[in-house]
Amino acid sequence: MKIFHLISSPRGEASVSTKLSNAIVEKLMQASIGSRITTRNLATQPFPQLKASHITSFFTPADQLTPELEEAARNSEEAIAQLMDSDVIVIGAPMYNFTIHTALKSWIDHIVRANKTFAFTENGAQGFITGKKMYIGISSGGVFTEGPFKPYDFAEPYLRFIFSFIGITDITIYRAQGLSVPGIGETALQKAIDSIVI
Ligand SMILES: Cc1cc2nc3c(=O)[nH]c(=O)nc-3n(C[C@H](O)[C@H](O)[C@H](O)COP(=O)(O)O)c2cc1C
């Protein structure tokens, strides 16, 4: 089994989402001895925010790419190849300002590409990254799965939508939430880790 682990918190070893995604990876490794794991830390190895040259490269046929446009498309081509080559994708995703961190959004902007990872067909939108299993560990100061802030969670619904849009529909999400809430925060990470079922 080929596991791809994507880290998106800028907080290094202090990161709760990384601790949670690490725990998911560990349990996957225990369940499938001999698995190969590749890790990409988007805080230390970020993808660039989309510039005009990236967008032009995405919409230029491969046989018409200039060396500059080929270079502009390189990040995207590598990220998509990496995704295609994985069986299981594990993502650590902190909530910042009610959604995902920009590092993760920038990576998403390089992998969601018309006619490459999705297309609009006569039957509607069709994703091409199929046959994958995804686990996401989300950390947040507040509680979002229930209560008054539930409508303001723009992390989990977005992640579920955008990955299913490109064909990754088998998604399991674990949440270390309420980290800033006294009485909840102290045990939130351990509870999330204990709930992981592979
Ligand atoms: C800049 C910033 C913005 C944050 N925004 C939110 C937020 O909108 N909602 C929330 O519940 N927690 C918020 N938090 C708390 C983080 O979600 C929490 O600290 C979490 O552990 C961050 O993940 P990490 O430890 O993997 O970096 C924010 C924290 C920071 C530093």
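Percent of Cα-Cα pairs per 10 Å bin, from 0 to the last occupied bin, for the chain, please list those.
9, 34, 35, 18, 5, 1
Run the count for the range 2-194, please: Lys pairs, Cα-Cα under 21 angstrom, 8 or more apart or on different chains.
Step by step, the pairs that qualify in the range 2-194 add up to 19.
Could you calculate the FRET efficiency of residue 169 with residue 145 from 1/(1 + (r/R0)^6), where r is the beta carbon distance between them and R0 is 22 Å, rounded to 0.05?
Values: r = 20 Å, r/R0 = 0.92.
Efficiency at R0 = 22 Å is approximately 0.60.
Compute the long axis of helix 67-84 from its Cα atoms, compare it with the longest principal axis of the Cα atoms of the chain, and write down the angle in degrees, 0 to 90, nearest 10.
The angle comes out near 50 degrees.
For the range 2-194, which whole-number percentage of the solvent-accessible area (1.4 Å probe, protein heavy atoms only) is attributable to carbon and sulfur atoms?
In the range 2-194, the share of accessible area belonging to carbon and sulfur is 54 percent.
Where the centroid of each part is defined by its Cα atoms, how far is the range 94-136 from the range 39-78 in Å?
16 Å
What accessible surface, in Å², does a 1.4 Å probe find on residue 2, ignoring ligands, DNA and RNA and rounding to the nearest 10?
So the heavy atoms of residue 2 present about 70 Å² to solvent.
Does the range 1-93 classify as rounded, prolate or oblate by the C-alpha gyration tensor (a ≥ b ≥ c root eigenvalues; a/c under 1.5 gives rounded; else a/b over b/c gives prolate, otherwise oblate)?
Values: a/c = 4.01, a/b = 1.81, b/c = 2.22.
Oblate, because a/c is 1.5 or more while a/b does not exceed b/c.
Averaged per residue, what accessible area in Å² does the chain show with a 1.4 Å probe, protein chains only?
Numbers: 10140 Å² over 198 residues.
Heavy-atom SASA per residue in the chain reads 51 Å².
Contact order normalised by length for the range 63-151, with contacts defined as Cα pairs under 8 Å and 6 or more residues apart; what percent is it?
On the way: 72 pairs, mean separation 30.0, N = 89.
So the answer I get is 34 percent.
Given H placed on each backbone N at 1.01 Å, which residues far from residue 6 in sequence or on other chains put an amide H within less than 5 Å of it?
Those qualifying (amide H under 5 Å, at least 5 residues apart or on another chain) are 40, 90, 91, 92.
If R0 is 22 Å, what FRET efficiency do you get for residue 32 and residue 81 from their C-beta distance, rounded to 0.05?
On the way: r = 22 Å, r/R0 = 1.01.
That pair, residue 32 with residue 81, gives E of 0.50.
Using the Karplus curve 6.51 cos²θ - 1.76 cosθ + 1.60 with θ = phi - 60°, work out ³J(HN,Hα) for each residue of the range 12-22 in order, rounded to whole Hz, and write x for Gly and Pro.
For the range 12-22, the Karplus-derived couplings read x, 5, 7, 5, 6, 5, 6, 4, 5, 5, 4 Hz, x marking Gly and Pro.
Per residue of the range 48-64, in order, report the coupling 6.51 cos²θ - 1.76 cosθ + 1.60 (Karplus, θ = phi - 60°) as ³J(HN,Hα) in whole Hz, putting x for Gly and Pro.
Once θ is set to phi - 60°, the couplings for the range 48-64 become x, 4, 4, 10, 4, 5, 4, 5, 4, 5, 5, 9, 9, x, 3, 7, 10 Hz.
Pairs of Cα atoms under 8 Å, at least six residues apart: use those to get the relative contact order of the range 2-194, whole percent. Before the final figure, lay out the partial values.
Details: 330 pairs, mean separation 47.0, N = 193.
RCO, the range 2-194: 24 percent.
The values are calculated or read from the model by the stated rules, or taken from the named source; none is laboratory data. Note that the structure is a prediction, hence the values are computed from the model and not measured. In this analysis, Cβ positions are derived from the backbone assuming ideal geometry, glycine residues included, and neighbour counts consider all displayed protein chains. In case anyone asks, the SASA skips ligands and DNA or RNA and just uses the protein heavy atoms, side chains included. Shrake-Rupley method; radii C 1.70, N 1.55, O 1.52, S 1.80 Å.
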